[in-house]
Amino acid sequence: MATATNTFVTLPRNTNQAHGIGQYAIDFMSNRIGEPDESVLERTRLFFTDAVLVGLSAISLGTNAPCILRSEALEYGDDQGATVFGSPLRVRPEKAVVANCSAVREWDSNGTVFGYNPQLGNTAGEFGHNDFYGVPIAAAQVMNLSGAAALRGMICLDEIRGRLAEVFSLKSYKIDHVVHGAIASAAVYGAMCGATAEQIESAIGMVVAHFIPWRAIRAGKQLSDSKGASAAISSEVAVMSMIRSMKGFIGPADIFRNPEAIWRQFEPTDGDCPFDLVLGENGDDFAVMGMHFKIGLYEHQSAGALHGLITLIHEHPELCQALDQIERIDITAYEPAYGIIGDPAKKDPKTRQSADHSMVYIVSTILRKAMDLASQNGLPETIDETWQALMLGPYDYSDEAIFNERTRALMSRIHFIHGGKEYDDRYPDGIPTSMVISLTGGESFDSGLVMYPAGHARNTTSDLNALLDTKFDRHGHLAVAEPADLIQKCRSIDELTNTQLLDLFNFTLLERTDFR
């Protein structure tokens, strides 16, 4: 029985935090500490289900990096290893991890964290995504543990990753946010596999010393596979580092206070780490509770604009008859949204990886779909139903969709505006965005300020379960013939025995050839 009292473990900046993270993970995974509330378990189950379903559809539709890495993993058979999506074959755990994590991240459609915890005064605002659940699944399979242990590992991993995102902004120094996930992956994999705190410290030291990815992987007009596979590659090296450490390889110690490591290089101190680290122990105040769901396939920074647009469509359905009358669409937002998805380089996306980071493309596609729906069947009655009907999926990023003439016509009418301090100060508490659609006759429609769109952790108006059920079902049907059983197993992961957990990904994946 979980307690309602929230308690925490604090790792002060003047201590060896790498060792402390290792000890926390060991204590949490051995049940010496850690009694998360049922709400924490349920939210993690939802994020895990979300991750699996979007990962499976990415493989079934033949996306490049996930298919390459899955094929690579299947070349590394290991009778004591872990499994990849859609196969009963056990493979090297680090290869299962890189394959499954790559598939999960490929669509950029799963969970997101913005590193914001004003209660603790930690508001660094680093990004991050729920890409790393393949790590505790692999550890549980290797160590013959149950689904309950895997779920506990997911909570622990999200806690370490999420709290690091609250205290240190990697993006401010052009470092990719997956570093936080790699550190958490090493700690949780080690704790689940019987490592000592010293061995986990060594592995974290290796990850930080040898494998720091720069945000160069995300720069440029048209993005490469490296962007989507960044979390996967970092989780792979985290597991490899942990395995090496458990065999006796000694990595750098006390890496958070190391004067040559990224923390003190970018934020110099007299010897301490730049931050204290607070990790959840009991109750319902775990980092996963502040993480956000994506209601479809889009860069999460666009969620405020999408909610504003869907609200306008719901309140003013006549907009869906006005393609020729729409003169301009003004979207006002904050940094970093303005710089990332409003980047002029993304005004003419030619690949799916660039289109899903293009505000003008994402908004125009939703509006074009609404116009199509209105002309065919009419618009739904509620905002939630409108979200469900217009939910963006993989086929909205096919070549045919990206170069749709009506979408392109709408894209040319969108103007992206930086809202300045008024908007910037409201992020990352929310996703402050507003939209004004102006018609040629002078009439305009204003969404007002959107802070907490559907899927946001602080949204209280949307039916999250209904929205996610639709998302799970659609991605599931892209990947397997009958997804209901798989969805139920993921939604009740902690009820699975080790034998059932080993069999979780043993199903036939559909191979769709119509997605380009």
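The values are calculated or read from the model by the stated rules, or taken from the named source; none is laboratory data. In this text, all values refer to a predicted model and were calculated from it rather than measured experimentally. Reconstructed Cβ throughout: ideal geometry from the backbone, glycine too, with neighbour counts over all protein chains shown.
Kindly state which strands (runs of 3 or more DSSP E) lie completely within the stretch 395-513 and contain at least 1 residues that are among the acidic types (Asp, Glu). Before you say what the answer is, go through the steps one by one.
Values: elements: 414-418, 434-439, 444-446.
In the stretch 395-513, the matching strands (runs of 3 or more DSSP E) lie at 444-446.
So for the stretch 149-165 (the condition being over 29 Å from Gly280 (Cα atoms) and of a type outside the set (Asp, Glu)), does at least one residue qualify?
To start, the set of residues in the stretch 149-165 that are over 29 Å from Gly280 (Cα atoms) comprises none.
No, the stretch 149-165 contains no residue that is over 29 Å from Gly280 (Cα atoms) and of a type outside the set (Asp, Glu).
Exactly one of these conditions fails for Asn110: (1) touching a Gly at 6+ places or on another chain (Cβ under 9 Å); (2) under 23 Å from His210 (Cβ atoms). Give me its number.
Result: Asn110 passes all but (2).
Determine which single condition Gly62 fails, assuming it passes every other condition in (1) assigned to a helix (DSSP H, G or I); (2) over 26 Å from Cys193 (Cβ atoms).
(1)
Among the residues of the stretch 322-335, are any in contact (Cβ under 8 Å) with a residue 60 or more places away in the chain and in a helix (DSSP H, G or I)?
No, the stretch 322-335 has no match at all.
Filter the stretch 405-437 down to the residues that are buried (at least 18 other Cβ atoms within 10 Å of the Cβ), under 26 Å from Ala374 (Cβ atoms) and of a type outside the set (A, V, I, L, M, F, W, C) and list them by number.
Answer for the stretch 405-437, where residues must be buried (at least 18 other Cβ atoms within 10 Å of the Cβ), under 26 Å from Ala374 (Cβ atoms) and of a type outside the set (A, V, I, L, M, F, W, C): Thr407, Thr433, Ser434.
Of all residues being of a type in the set (Asp, Glu) and over 22 Å from Gly190 (Cβ atoms) in the stretch 80-111, which is surrounded by the most Cβ atoms within 10 Å (Cβ to Cβ)? Just the residue, please.
Start the filter on the stretch 80-111 by keeping residues that are of a type in the set (Asp, Glu), which leaves 94, 106, 108.
Within this subset, residues satisfying the condition of being over 22 Å from Gly190 (Cβ atoms) are 106, 108.
Numbers: Glu106: 30, Asp108: 21.
If we take residues in the stretch 80-111 being of a type in the set (Asp, Glu) and over 22 Å from Gly190 (Cβ atoms), then Glu106 is surrounded by the most Cβ atoms within 10 Å (Cβ to Cβ).
For the stretch 343-386, which residues satisfy the criterion of being within 20 Å of the chain's Cα centre (by Cα) and modelled with pLDDT of 95 or more? Steps first, please.
Looking only at the stretch 343-386, we keep the residues that are within 20 Å of the chain's Cα centre (by Cα), and these are 352-359, 362.
Passing the criteria: only Ile362.
Looking only at the stretch 21-56, filter to residues that are small (Gly, Ala, Ser) and touching a Phe, Trp or Tyr at 6+ places or on another chain (Cβ under 7 Å); which one of those is surrounded by the fewest Cβ atoms within 10 Å (Cβ to Cβ)? Give the derivation first.
If we filter the stretch 21-56 for residues that are small (Gly, Ala, Ser), which is where we start, we get 22, 25, 30, 34, 39, 51, 55.
Adding the requirement that they be touching a Phe, Trp or Tyr at 6+ places or on another chain (Cβ under 7 Å) leaves 34, 51, 55.
On the way: Gly34: 22, Ala51: 27, Gly55: 31.
Among residues in the stretch 21-56 that are small (Gly, Ala, Ser) and touching a Phe, Trp or Tyr at 6+ places or on another chain (Cβ under 7 Å), the one surrounded by the fewest Cβ atoms within 10 Å (Cβ to Cβ) is Gly34.
Just wondering, is there one or more residues in the stretch 427-438 that are in the same structural domain as Leu323 (by TED's automatic domain parsing) and free of Cβ contacts under 8 Å to residues at least 40 places away in the same chain? Before you say what the answer is, go through the steps one by one.
Step one: of the stretch 427-438, the residues in the same structural domain as Leu323 (by TED's automatic domain parsing) are 427-438.
Cutting the leftovers down to free of Cβ contacts under 8 Å to residues at least 40 places away in the same chain gives us none.
No, because not a single residue in the stretch 427-438 is in the same structural domain as Leu323 (by TED's automatic domain parsing) and free of Cβ contacts under 8 Å to residues at least 40 places away in the same chain.
State all residues of the stretch 457-501 that are over 24 Å from the mean Cα position of the chain (by Cα) and in contact (Cβ under 8 Å) with a residue 40 or more places away in the chain; if no residue qualifies, say none.
Within the stretch 457-501, Glu495, Leu496, Thr497, Asn498, Gln500 qualify.
Have a look at Ser102, Ser87 and point out the one that is in contact with a Phe, Trp or Tyr (Cβ under 7 Å, 6 or more places away or on another chain) and either hydrophobic (A, V, I, L, M, F, W, C) or modelled with pLDDT of 95 or more (or both). If you could, list the steps in order and put the result at the bottom.
Details: Ser102 fails: in contact with a Phe, Trp or Tyr (Cβ under 7 Å, 6 or more places away or on another chain).
Result: Ser87 is the single residue among Ser102, Ser87 that is in contact with a Phe, Trp or Tyr (Cβ under 7 Å, 6 or more places away or on another chain) and either hydrophobic (A, V, I, L, M, F, W, C) or modelled with pLDDT of 95 or more (or both).
Which members of the stretch 248-271 meet the condition of being of a type in the set (Asp, Glu) and either in contact with an Asp or Glu (Cβ under 9 Å, 6 or more places away or on another chain) or within 22 Å of Gly125 (Cβ to Cβ) (or both)?
First, the residues of the stretch 248-271 that are of a type in the set (Asp, Glu): 254, 260, 267, 270.
Passing the criteria: Asp254, Glu267.
Taking only the stretch 438-451 into account, find how many residues are surrounded by fewer than 16 Cβ atoms within 10 Å (Cβ to Cβ), on the phi < 0 side of the Ramachandran plot and not charged (D, E, K, R).
Of the residues in the stretch 438-451, the ones surrounded by fewer than 16 Cβ atoms within 10 Å (Cβ to Cβ) are 440-444, 446, 448.
Keeping just the survivors that are on the phi < 0 side of the Ramachandran plot gives 440-441, 443-444, 446.
Remaining after also requiring not charged (D, E, K, R): 440-441, 444.
The number of residues fulfilling the criteria is 3.
Just one of Ala374, Ala370, Ala337, Ala333 is of a type in the set (A, V, I, L, M, F, W, C), touching a helix residue (DSSP H, G or I) at 6+ places or on another chain (Cβ under 6 Å) and buried (at least 23 other Cβ atoms within 10 Å of the Cβ); which is it?
Values: Ala374 fails: buried (at least 23 other Cβ atoms within 10 Å of the Cβ); Ala370 fails: buried (at least 23 other Cβ atoms within 10 Å of the Cβ); Ala333 fails: touching a helix residue (DSSP H, G or I) at 6+ places or on another chain (Cβ under 6 Å).
The match here is Ala337.
Just one of the numbered conditions (1) surrounded by fewer than 20 Cβ atoms within 10 Å (Cβ to Cβ); (2) closer than 19 Å to Asp356 by Cβ is not true of Asp396; which one?
Result: Asp396 passes all but (1).
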